[in-house]
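Student: Right, I'll just put the structure down here and ask away after.
Please treat every number below as a calculation from the coordinates, not as lab data. Just so you know, these numbers come straight off a predicted model, no measurement behind them. Because the Cβ atoms are built from the backbone with ideal geometry, glycine has one as well, and the counts that use them run over all protein chains shown.
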Amino acid sequence: MNLDYTYSEIHQLLTGEAIADNTPIKTVFYDTRRILRGSNSIFFSLRGKLRNGNQFIQEAYQLGVRHFVVEQLPDKIYSDAQFTVVTDSLDAIQKLATYHRNRFDIPIVGITGSNGKTIVKEWLSELLKDDFNVVKSPKSYNSQLGVALSLLELNNKATIALIEAGISNPGEMDILEKMIAPTHGIFTHLGTAHLANFTSQEALKAEKEKLFESCEWVITPTDITVAGQTIHPDQSDLELSLKAPFKDKISQKNLSLALCAARQIGVASEQLKDKIGKIHGVTMRMEQFDGIHGNLIINDTYSLDSEALISSLEHQYAIAQGKKRVVVIGLENSDNDVVSGLKKIIEPYQPIETYFLSAGDPLPENLADSVILIKGNRSANMEVLANKLRLRNHQSFLEIDLEAIRKNINAYNDQLPANTKILCMVKASSYGSDATKIGKFLTRLGVDYLGVAYTDEGVELRNAGVTVPILVMNADIHSFGACIDHDLEPAIFSIIQLEELVKELIARNQINYPMHIKLETGMHRLGFEESELNHLISYLKAQPEVYIKSVYSHLASADDPSNLFAQKQIQTFEKLSSILKEELPYDFLKHLLNSEGTVHYPNAAYDMVRLGIGMYGISSNAEFQKNLTPSFKWKSVVSQVKTLSTGDSLGYGQAFVAKYHTQSATIPVGYADGFRKSLGNGIGSVYVNGNKCSVLGNVCMDMIMVDVTGIEAKPDDTVEIIGTHCSIQDFARLLDTIPYEVLTSFSQRLPRVYIND
Ligand SMILES: *Cc1c(COP(=O)(O)O)cnc(C)c1O
């Protein structure tokens, strides 16, 4: 961002009041992890669903920020800092973005649609970049905040802007339209992906169409027409899109939209012909995975334009949190001007090392314990290098979408009365993902509590630097010492346990230690029964070493709203917890609901709910499931394709014999990864390039063979085992189990790759 405002201008714009402070403001921040240098910036303290942005003010101040936009003055006031108080800080940043946008009299192309927005934007930018100075939304910044940030990137050099707009609720597009005020539009696709909050597809279309109210023209595929001047790609666009070096229909359709837009904007057909061969079908997403030698790899090899580079550097800086940072850039040829231009962009971020490599160059050898950002232009083929750095060179991996987890938590939060706290269960490696990665992510989101099953799991989180309160549900008495040493709060379900905890506290000379009381309400697993409460109360009154932080229980049939047992449990919980409340001189939290309970019994949310599987986008309630986003994908690749003639057998036990000419593809996943033996012989299937292929013969320990007869399949083609075609729930059904078991049975050897951090 390169703004040219003063603080007084911004303050006046947002509040109407004059103030004498002419500090130049060049950048807007909203996330302290992205602050490299805070001077000449303004920090918007945004309220999240779960957090109040003010909790980051101190950190921002320490990073040099002196100007803040807040909804409430923070508790601690700094004499050399300025605070602009507004009623809604998101609204304030949008106001600034609108003001900024209105200073530019250049074409602004607004892009919306259920799919394809980002790719159409990237391709159009690629087609325009020789003739225009393009400003575009970084990555897929298309939300209410993302659009504001995209518009704030406008600068005096810009000659055109490409801005994405995405919505999920009625009413949102009006706000985006006012901000973007696009002069031209592209409507990529009208799907049902986000229909959840809309009554019909017409309602969804009407909402999206609002973006184009004052557009000179709008480019749409042939199946969509909007009010005003609609233009469809013509024959020349369609023919040209077929010449791109990829063959799938959806990409070709999206490319024809970008070509048509480029033509309308004024790029000559001849030029477009030249450019088409260089357009790449892309994996747009920045990937993040564990590398060899303790490195963390950020693989962002899609493009090397300066905005993309800056946003990757910011991301690297944000996630490194003090760890060493290394930048590796792949170039087609190491032209000096290009290198020095890149160096200038990278320099302010001060990575400890920057390498410029060409295709085929060996890797620097001494990379260890660093966060490595790998960028490059396509021809430098940095993908190959990124894959060499991947820990356990295993081509199957689990992809975990952090943005989806964030959305899912918000979806549950929306069910709850305001101020209900949220505890996130990260037991069992956070349901098969990775407890520390998810634990840190959740801390950042502002959840109130984390929960684990065993002390070791809590210790691991503490060692990784997680500081939020942690409830340990099943701490065994021998681990109480470790609990206390790591500030972990055990759940207590018997007097014997409580006595052991108190002993440890006395040995450490500690009083007033928080713990949680588990009540027996019908599960008959762990917990105090009514008859034991008097003993518990008198013990607690006598021992100053401990106090009750919360009282909780667990529902046995939370997934079944018609089961009256849950009501009975709620009543018992009410009764037992009231006894404790009456007898103890202090207050404590009460909580009862897990994810499914939150959906079915929100009236019993009490002070807090405990979310587990729901965070990953899984609910047994079909209606509520629509609000959730799946967060796990299991992906692999084709290792080899074999041709079997009639009578040829395949695999162990010759369990499959070809009845006719058959093509089989070998995939590197087996029962040791969690693809169970019972899925063999046609029971299970995977998706190769989007085509369903059933398993041929027996599942091996490390491999399966699948039927690819009649479909295009070659080594390295993408295989999806769980994802868009087969959900965790579908997979569980095939295995005759529940999603919980699927998640917690993925083998440790499958690398976890995180996206959308
Ligand atoms: C695991 C667990 C949860 C979370 O349950 P989900 O069904 O995954 O939401 C909540 N409370 C307790 C006591 C648990 O053991």
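Student: Name the shape class, rounded, prolate or oblate, that the alpha-carbon gyration tensor gives for the chain, where a ≥ b ≥ c are the square roots of its eigenvalues, rounded holds for a/c under 1.5, and otherwise prolate holds if a/b is larger than b/c and oblate otherwise.
Tutor: oblate
Student: Just going by the charge dipole of segment 402-617, with Lys and Arg at +1 and Asp and Glu at -1 on Cβ, which of Ser550, Leu564, Thr443 is farthest out on the positive end?
Tutor: It is Thr443.
Student: Fewest Cβ neighbours within 10 Å first, please rank Tyr740, Tyr513, Tyr660 accordingly.
Tutor: Tyr660, Tyr740, Tyr513
Student: OK, next. Quick one: which of Lys210/Lys278; Lys139/Lys253; Lys26/Lys626; Lys26/Lys388 span more than 30 angstrom between C-alpha atoms?
Tutor: Values: Lys210/Lys278 34 Å; Lys139/Lys253 21 Å; Lys26/Lys626 41 Å; Lys26/Lys388 39 Å.
In this structure, Lys210/Lys278; Lys26/Lys626; Lys26/Lys388 lie more than 30 Å apart at Cα.
Student: Can you compute the helix-only [θ] at 222 nm over the chain? Use -39500 (n - 2.57) per DSSP H run of at least 4 residues, normalise by all residues, nearest 500 deg cm²/dmol.
Tutor: Result for the chain: -9500 deg cm²/dmol, rounded to the nearest 500.
Student: Compute, for the chain, the length of the dipole vector about the Cα centre, with Cβ point charges of +1 (Lys, Arg) and -1 (Asp, Glu) only. Units Debye, rounded to 20.
Tutor: With only Lys, Arg, Asp and Glu charged at Cβ, the dipole is about 720 debye.
Student: Here's another thing I want to ask about it. In terms of the Cα gyration tensor, with a ≥ b ≥ c the square roots of its eigenvalues, is segment 287-389 rounded because a/c is under 1.5, prolate because a/b exceeds b/c, or oblate?
Tutor: Details: a/c = 1.56, a/b = 1.16, b/c = 1.34.
The shape class here is oblate.
Student: Taking 8 Å as the Cα distance limit and 6 or more residues as the minimum spacing, I'd like the relative contact order of segment 402-617 as a percentage.
Tutor: 22 percent
Student: Listing His280, His600, His293 from the residue with the fewest other Cβ atoms within 10 Å to the one with the most, what is the order?
Tutor: Neighbour counts put them in this order, fewest first: His293, His280, His600.
Student: Can I ask one more? Let me check I've understood the local charge: for Asp702, count other residues with C-beta under 12 angstrom from its C-beta, Lys and Arg +1, Asp and Glu -1. What total comes out? Each step should come with its number before you reach the end.
Tutor: Working: positive: Arg749; negative: Asp673.
It works out to a net charge of 0.
Student: Just tell me which aspartates and glutamates come within less than 19 Å, Cα to Cα, of Lys590; anything on the same chain fewer than 8 places away is out.
Tutor: Filter leaves Asp448, Glu489, Glu520, Glu529, Glu530, Glu532, Glu574, Glu582, Asp607.
Student: Okay, moving on. With a ≥ b ≥ c the root eigenvalues of the C-alpha gyration tensor of segment 104-278, is it rounded (a/c under 1.5), prolate (a/b larger than b/c) or oblate? All intermediate terms of the calculation are to be shown ahead of the outcome.
Tutor: Working: a/c = 1.75, a/b = 1.22, b/c = 1.43.
Oblate.
Student: Tally Lys and Arg at +1 and Asp and Glu at -1 over the other residues with C-beta under 15 Å from the C-beta of Leu501: what net charge comes out?
Tutor: -4
Student: Give the separation of the Cα centroids, segment 505-559 to segment 424-502, in Å.
Tutor: 16 Å
Student: A further question follows. Neighbouring Cβ atoms within 10 Å as the yardstick, rank Asp434, Asp305 fewest first.
Tutor: Asp305, Asp434
Student: By the scheme Lys and Arg +1, Asp and Glu -1, what is the net charge of all other residues having a beta-carbon under 14 Å from that of Leu313?
Tutor: Overall, the nearby charge balance is +2.
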